[in-house]
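Have a look at the structure below before the remarks.
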Amino acid sequence: MSTATVVPTPPPTPKTNRIGLQVLDYKGGKTTLCAGCGHNSISERILEAYYEMGVQPERLMKMSGIGCSSKSPAYFMSRSFSFNSVHGRMPSVATGALLANKTMRSIGISGDGDSASIGMGQFVHLLRRNVPMIYIIEDIGVYGLTKGQFSATADIGSKLKTGVVNDLPAVDICALAIQMGATFVGRSFSGDKKQLSNMLKAAISHQGTVVLDVISPCVTFNDHAGSTKSYKFMQEHDEAVGEVGFVPFFEEISVEYDIDTSIDVRMHDGSHLRLRKLHADYDPTDKTQAVKILMETHDKGECLTGVFYVDTQKTDFTSLLNMVDEPLATLPQERTRPGREVLAELMEEYS
């Protein structure tokens, strides 16, 4: 009597990207941020974008400053290089690292305090130089590590849990970035998977300074009635250049609709989110129009999202300086140290 041979079913082949890596190769450490923090959603979108674009993790430098946002690089792409700098000083560290090795890619994760307050001076000069990197600001409107005081991006009239009302005008990160020389500028919401993912993938392909201001409501200090950076406020005041979706940490909500139409989505807490895609003929290469539309929507009390400005013609900083192709750190001394004749000639000029 013969018995049939049972052939075991081979395990499914893991899905890989164009360079043969799995999504697990882009994972980071376990987050220590508050449950429901929008920063974690941003980290997920970042690792997905780099995976889908097929970027080698070892070719990426992750830069950050100080703050809740600056902890985020630990939560994605552990195989990449990472540098956590001093508060507000990430732009100069990132600039120096890219000049030392322009063959690397760079992404900087900052916050509204790290960039719009103590780091404003360095941030502005990174913009005007068009340093080739992605600069993400995880914007919560408060200082999350120091018990929730207003940041420079908090809107007039916004209220803290303590009852204090903000009476100072907000810094519009996107308008500032456009005016100061960034060549790819946009805003998204941490709960909008599709919009943020598409913006990040486009940003990875851009050669120049990319600034993405991502509204990321703070569930601990800035998610209450009166805050203009809370989930509820974003639900009620979001107006989009592209698609917008709100993703609470407990359950996902997704929507799809056509250009030039609007849709009203009922949220988990019973509130409604009004979504609208801006007219299809918006031109993101028009710098004046980009700043104008940001000012107009702000005056209406609306938060505009999408890609506002793109300039693919401006020369980036490393090209402007005529940097050699090889990383400076690998060059032999005879190519980096002036000879005696050169030094003598230089001294003669100053004598």
For residue 299, the accessible surface traced by a 1.4 Å probe with all protein chains present amounts, in square angstrom to the nearest 10, to 130 Å²
SASA check, residue 349, accessible area w/ 1.4 Å probe, all protein chains in place, rounded to nearest 10 Å², comes out at 130 Å²
Nearest-0.05 FRET efficiency for residue 84 and residue 313 at R0 = 35 Å, using Cβ-Cβ distance, is 0.55
For residue 58, the net charge from surrounding residues (Cβ-Cβ under 11 Å; K, R +1; D, E -1) works out to +2
Share of accessible surface on carbon and sulfur in region 16-152, whole %, 1.4 Å probe and ligands ignored, is 57 percent
So, with points 7 Å from each Cα along the Cβ direction, the residue 205-residue 128 label distance in nm works out to 3.2 nm
Descending accessible area (1.4 Å probe), largest on the left, turns 34, 174 into 34, 174
Rounded to the nearest 10 Å², the 1.4 Å probe accessible area of residue 321 is 80 Å²
Probe 1.4 Å, heavy atoms of protein chains only: per residue, the accessible area of region 23-99 in Å² is 39 Å²
Region 74-100 scanned against label point 7 Å out from residue 333 along Cα→C-beta; backbone N under 15 Å for none
Accessible-area order for 164, 124, largest to smallest, probe 1.4 angstrom, reads 164, 124
Placing each pseudo-label 7 Å from Cα in the direction of the beta carbon, residue 295 and residue 52 end up separated by a distance in nanometres of 3.5 nm
Which residues qualify? For residue 304, with a placed amide H closer than 5 Å and at least 5 residues away or on another chain, they are 239
With 0.36 nm assigned to each residue of separation and the Cα-Cα distance removed, residue 326 to residue 346 gains 4.6 nm
From the cross-link list 287/314; 292/314; 27/62; 193/287; 62/102; 71/201, the entries with a Cα-Cα span beyond 18 Å are 292/314; 193/287; 71/201
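The values are calculated or read from the model by the stated rules, or taken from the named source; none is laboratory data. Just so you know, these numbers come straight off a predicted model, no measurement behind them. Cβ: placed from backbone, ideal geometry, glycine included. Neighbour counts: every protein chain shown. Quick note on the areas: whole protein, heavy atoms, side chains included, nothing else; ligands and nucleic acids left out. Shrake-Rupley method; radii C 1.70, N 1.55, O 1.52, S 1.80 Å.
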